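Take a look at the structure below.
The values are calculated or read from the model by the stated rules, or taken from the named source; none is laboratory data. Source: prediction; values computed, not measured. When we count neighbours, we look across all protein chains shown, and the Cβ atoms used for this are built from the backbone with ideal geometry, even at glycine. Please note that ligands, DNA and RNA were not included when accessible areas were found on the heavy atoms of the full protein model with its side chains. Shrake-Rupley method; radii C 1.70, N 1.55, O 1.52, S 1.80 Å.
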Amino acid sequence: NAGVTQTPKFQVLKTGQSMTLQCAQDMNHEYMSWYRQDPGMGLRLIHYSVGAGITDQGEVPNGYNVSRSTTEDFPLRLLSAAPSQTSVYFCASSKGPGANVLTFGAGSRLTVL
Amino acid sequence: SQELEQSPQSLIVQEGKNLTINCTSSKTLYGLYWYKQKYGEGLIFLMMLQKGGEEKSHEKITAKLDEKKQQSSLHITASQPSHAGIYLCGATPTSGTASKLTFGTGTRLQVTL
């Protein structure tokens, strides 16, 4: 039972490069989310999805794109990386509305030079 | 937007001592979640509280939600080195926002021998 799998674990980019952080879950969860974690800021929501084909913006969506073509996958795209996007990124999923628990991936540490 | 304040920001306790971490919301909460993060790893779910006055325990960790559902505490009894990490509270204002948890900035706990 893999849960939520994120790849890559570590990535270094140059300013202006693009890349995709992958997230996959095998629990048939409807809801998926992307957060970034920065020192002193806690976890902040970037984008989320309530089901395949449906996405919405969170608190800090600028510079990021998402899509949800399948229930299992929720990739996060950085269109033109900036040093301000240096962070640890977490993908999470949950069953659906109501008091459901988020299951988190192990995180992807991104450095933008 | 809902804000969560955690206190203290960091804590160093001697093994065997008790400790309490607090989480305060500016708004009434639908659900309050406690997570633990080991350094460099993902978040692990600890407990969820929904009802005013609710209290839950797991091993040596007890979480409480006040009657007004705006403040929660996490109490660890007889701390051990395995309790070290970052504790985060997360909250949802309504039932349909399972994927949109708002998090506090976290409390970093160190347990010394």
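Structure above, values below:
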{"quantity": "Which listed residue is under 29 Å from residue B:107 (Cβ atoms), buried (at least 19 other Cβ atoms within 10 Å of the Cβ) and either within 14 Å of chain B (Cβ to nearest Cβ) or of a type in the set (A, V, I, L, M) (or both), from A:93, A:49", "calculated": "A:93"}
{"quantity": "Check on residue A:6, within 14 Å of chain B (Cβ to nearest Cβ) and surrounded by fewer than 16 Cβ atoms within 10 Å (Cβ to Cβ)", "calculated": "no"}
{"quantity": "Meets criteria (of a type outside the set (S, T, N, Q), more than 9 Å from chain B (Cβ to nearest Cβ) and surrounded by 14 or more Cβ atoms within 10 Å (Cβ to Cβ)) for residue A:32", "calculated": "no"}
{"quantity": "Residues that are touching a Lys or Arg at 6+ places or on another chain (Cβ under 9 Å) and either open to solvent by 40 Å² or more (accessible area, probe 1.4 Å) or farther than 15 Å from residue A:104 by Cα (or both), drawn from the stretch A:9-26", "calculated": "A:9, A:10, A:11, A:18, A:19, A:20"}
{"quantity": "When residues of the stretch A:35-46 are limited to those that are open to solvent by 10 Å² or more (accessible area, probe 1.4 Å) and assigned to a strand (DSSP E or B), the one nearest to the other protein chains (Cβ to nearest Cβ)", "calculated": "A:45"}
{"quantity": "Residue in the stretch B:54-70 that is within 11 Å of chain A (Cβ to nearest Cβ), within 27 Å of residue A:4 (Cα to Cα) and open to solvent by 20 Å² or more (accessible area, probe 1.4 Å) present", "calculated": "no"}
